Amino acid sequence: MYQEIMKERKAQIESEFSKIKSQLPDGDFKDIFMYPIEAGGKRVRPIILLETVKMLGGNLEEAMHFALALEMIHTYSLVHDDLPCMDDDELRRGKPTTHVIFGEGNAVLVGDALLNYAPELMIKGVKTMREPLHGIEAMETIMNASGVHGMILGQVYDIENENKSLAIEAVRKINALKTSQLIEAAFVAGGHLAVCSAKDIETLRSIGRHLGISFQIQDDILDVTSDVEHLGKPIGSDKKNMKRTYVDILGIDACKSEVMQRTEEAKKLLGSLNGDSAFLVALFDYLASRIS
């Protein structure tokens, strides 16, 4: 059941991205713009948003604009993160990074375009909603998580602290902003779209925080233990860029333990909400044990 739903959701997302491609201005930039989106990916964040909406009895058709916008923001962050002025990576999702294929200038513009297109999509979504205020709340959640109070601030701290011997608290702060915020936003935005109570929104926020931290710790583990074939990007990139990670400070065994603890806590909180959470539980388990 989990695999079937995952396959169905990914197919829906890819189909919607194909529609977006058909609406873009003709010319070379259409293919450049779509390159990092069509490169693949697990689509974890949009699927979390959609399945949260479904679990809580919301409208999946209304939610799709927000799910696609969330994935566009995530993709833009990867395009910019790979740039020579950032991590200078040449492989992402098993393919050459955008700047390697199309040049650094085009990669910057692709990231800018993705970030601009995301709110356009969400505004279109709000206009079609029966209760648009909840769409505005979802949009605010996503944009706050990706901006100067969230992902961008985390990236700033990340750059500032390269080649520094950070304590675990500092590493947690960076990753809570840089990685966890968008995952947290997927749950919270889904809650707003499903017209949840304030109490349930806070539960969703806590679920997202646990899962986001767990996701980053697993990434740090894979950066040490995986290989390019499975990971689809260079291993050891954190070490190359002189960045302290959970593994550096806690060790692999302690990291694995925290991944499981936070996953179990997220599942426990999920169980306190009304609705069928079976798919999300299976997704949490997959993310905790993933090898890519």
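Every number here is computed from the coordinates shown, using simple stated rules; none is lab data. If you're wondering where the values come from, they're calculated on a predicted model, not measured in any experiment. Positions of Cβ are generated from backbone atoms using ideal geometry, with glycine treated the same way; all protein chains shown enter the neighbour counts.
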- Total charge of the residues flanking Asp276 in space, meaning their Cβ is under 13 Å from its Cβ, with Lys and Arg +1 and Asp and Glu -1, is 0
- Query: Which order do peptides 60-70, 29-39, 137-147, 13-23 fall in by mean Cβ count within 10 Å, highest first?
  - Reply: 60-70, 137-147, 29-39, 13-23
- Length gained, Thr225-Val108, 0.36 nm per residue minus C-alpha separation, equals 39.0 nm
- Note on the structure: Partner lysines whose C-alpha sits under 20 Å from that of Lys7, ignoring same-chain residues fewer than 8 away, are Lys19, Lys42, Lys54
- Translational diffusion coefficient (Stokes-Einstein; Kirkwood radius from C-alpha pairs) of the chain at 4 °C, 1.567 mPa s, in µm²/s: 67
- Task: Just subtract the alpha-carbon distance of Ala11 and Ala167 from 0.36 nm times their residue separation and send over the number in nm, one decimal.
- Result: 52.0 nm
- What is the set of long-range amide H partners of Arg92 at a cut-off below 5 Å, with H atoms built 1.01 Å from backbone N? Thr97
- Message: If the reach is capped at under 12 angstrom between alpha carbons, list the aspartates and glutamates near Lys21, excluding any in the same chain fewer than eight residues apart.
- Response: Asp31, Glu38
- Task: Can you give me the span-like helices of the chain, meaning DSSP H runs with 24 Å or more of Cα extent along the axis and Kyte-Doolittle mean at or above -0.5?
- Result: 60-81, 104-128, 198-225
- Item | Neighbourhood net charge (14 Å Cβ-Cβ; Lys/Arg +1, Asp/Glu -1) for Ile101 | -4
- Message: Per q in 0.20, 0.27 Å⁻¹, report the Debye log10 I(q)/I(0) for segment 1-62, using one uniform scatterer on each alpha carbon and no solvent.
- Response: -0.84, -1.18
- Query: Met34: net charge of surrounding residues, Cβ under 14 Å, Lys/Arg +1, Asp/Glu -1, itself excluded?
  - Reply: -2
